[in-house]
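The values are calculated or read from the model by the stated rules, or taken from the named source; none is laboratory data. Since we're looking at a predicted model, the values are computed, not measured. Note: ideal-geometry Cβ built from the backbone for every residue, glycine included; neighbour counts use all protein chains shown. Heads up: the accessible areas ignore ligands, DNA and RNA and are worked out on the full protein's heavy atoms, side chains in. Shrake-Rupley method; radii C 1.70, N 1.55, O 1.52, S 1.80 Å.
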Amino acid sequence: MKKLFSIIALCLVGTATNAQAPYAQFQGGMIGCIEPQGWIEEFRQQTGLTGHPEAMSYPYDSCLWAGEIGRNTETYGSDWWRYEQTAYYTDGLLRLGYLLGDREMIAKAEEGIRYTLANASSTGVLGNKAIESMWPMCVYFRVLQAYYERTGDPAIPAALERHYMNFTQEQVEKWRNIVSIEGMLWTYGKTGNAKLLDICERAYNGGKFGDLTPAVAAGDERFVMHGVTCMEELKLPMLLYAYTGKRYYLVLALNAERKLTRDHMLPDGVPASAEALVGNGNVINSHETCDISDYTWTLEQFLLTTGEVRWADKIEKAVFNAGPGAVTKDFRSLQYFSSVNQVIATGRSNHNEFFHGSTWMAFRPTHETECCAGNVHRFMPNYVAHMWIRGKDGSIAAALYGPSAATFKLPNGQQCRIVQQTSYPFDGEIEFSFGLKNRTNISFLLRIPMVQGCQNIC
């Protein structure tokens, strides 16, 4: 499909702060420009669990990252759990608050950002000083990223640069610490500190972390690993390609995702993972709710980097099927594990080997392990935040469909408001309306799903 117009369009918010990775085809970070409408705006997160963390109990009824979160038990759970879990929730809370203009949500999330920045260690390390694992900050980085995308506050990349420069290759290589590459590359893109890029490449290629190593990504063997870890680490070679342009990383990322789809994908668009990846050979296999948010977030990085329509197709399939399937219509309860073929959901419905017969497939406000109760808040705000993206030439692209509007600032000072009127995916009719004070040209791109034969956003 031909391009309709020809000049650069820029987002109204954050035009100078959200420069894309140099080898990525598109740029996200437009959360300040996008307005959910229609059924997406009415998804009920705001009136459901996202707006009522007290219903989820510990640790969501705490101060979140605006102070110390005490343990609620002396024996259950690692010390980093409560910070990982509340980082998930804060990310969804803040992005939803920005999208809906909910001042209370925004204030609660931003209070944690202020506390985190003000209470860095003497060398700049962010997060609770008693937690050795870097993993909670891997998650909380996305909160800081969202805040920066909305405000352009230079304190964010400065604080992250100081934080990451405390860590060596050997520390980054350890277990899920490797996901720090996501935040380090983003910070490198904002600061130009080449030491960060060097640490990322050396840590990733060192191959000492035990999961989705370059060797594992390059081979043809079926993945055998923890599902959430796989979803998180899957994005790393794609991000390395986006920041280095080295095709080696692109090949690794594409092969890894191919194997994940081949061996583990379920019909609703999310790989089968009852904690560990469990394969797609059984029609009753399920996936953890964390996987819905983490897999689609990774696919959003694939979409921005390559511009290929297949990633948008996969995102929509997962968000429109697996996402709503894991929550009740009022967003007041969720499953820890969900399945496309589950007939009943009672307190003993869990048919997985992991905690078989327990409550993990029942709909509840929270579960024995609290990660999914935090992560469930992320998949829809992240979807909305990537509905509209920008091309390398400054073009505006409608990448993911659904009722929404976006406002852009043009180089001539005009504002352009584009409204996407549709009931998609409940029907296939989509109408775009353009609001301009004066006649002008813009470059506007549409996505044609791959079922119609187009490989790229065009």
If I filter the range 148-157 down to residues being assigned to a loop (DSSP other than H, G, I, E, B) and not small (Gly, Ala, Ser), which single residue comes out as most open to solvent (accessible area, probe 1.4 Å)? PRO154
Which members of the range 112-127 meet the condition of being closer than 19 Å to GLY70 by Cα, among the polar types (S, T, N, Q) and open to solvent by 30 Å² or more (accessible area, probe 1.4 Å)? ASN119
Could you run through the range 170-213 and say how many residues are farther than 21 Å from ALA276 by Cβ and touching a Cys at 6+ places or on another chain (Cβ under 8 Å)? 8
Scan LEU49, LEU64 and give me the residue that is touching a strand residue (DSSP E or B) at 6+ places or on another chain (Cβ under 8 Å) and hydrophobic (A, V, I, L, M, F, W, C). LEU49
Which members of the range 300-322 meet the condition of being outside any helix (DSSP H, G or I) and open to solvent by 10 Å² or more (accessible area, probe 1.4 Å)? GLU308
Within the range 267-299, considering residues that are within 19 Å of MET380 (Cβ to Cβ) and of a type in the set (A, V, I, L, M), the one surrounded by the most Cβ atoms within 10 Å (Cβ to Cβ): VAL270
I'd like to check which helices (runs of 4 or more DSSP H) are fully inside the range 184-272 and have at least 3 residues that are farther than 22 Å from ASP291 by Cα and within 21 Å of the chain's Cα centre (by Cα). 235-244
All-but-one check, HIS377 against (1) farther than 18 Å from LEU99 by Cα; (2) surrounded by 21 or more Cβ atoms within 10 Å (Cβ to Cβ), failing number (1)
Looking only at the range 314-336, count every residue that is aromatic (Phe, Trp, Tyr) and farther than 13 Å from ASP268 by Cβ and tell me the total. 2
Failed condition for ASP61, given (1) on the phi < 0 side of the Ramachandran plot; (2) within 22 Å of the chain's Cα centre (by Cα); (3) of a type outside the set (Val, Ile, Thr), with all others met? (2)
It is to be established whether one or more residues within the range 65-81 are modelled with pLDDT under 95 and in a helix (DSSP H, G or I). yes
Applying the selection to the range 380-424, what residues are small (Gly, Ala, Ser), in a loop (DSSP other than H, G, I, E, B) and open to solvent by less than 20 Å² (accessible area, probe 1.4 Å)? GLY394, SER395, ALA399, GLY402
Can you find a residue in the range 130-147 that is outside any helix (DSSP H, G or I), within 21 Å of the chain's Cα centre (by Cα) and buried (at least 22 other Cβ atoms within 10 Å of the Cβ)? yes
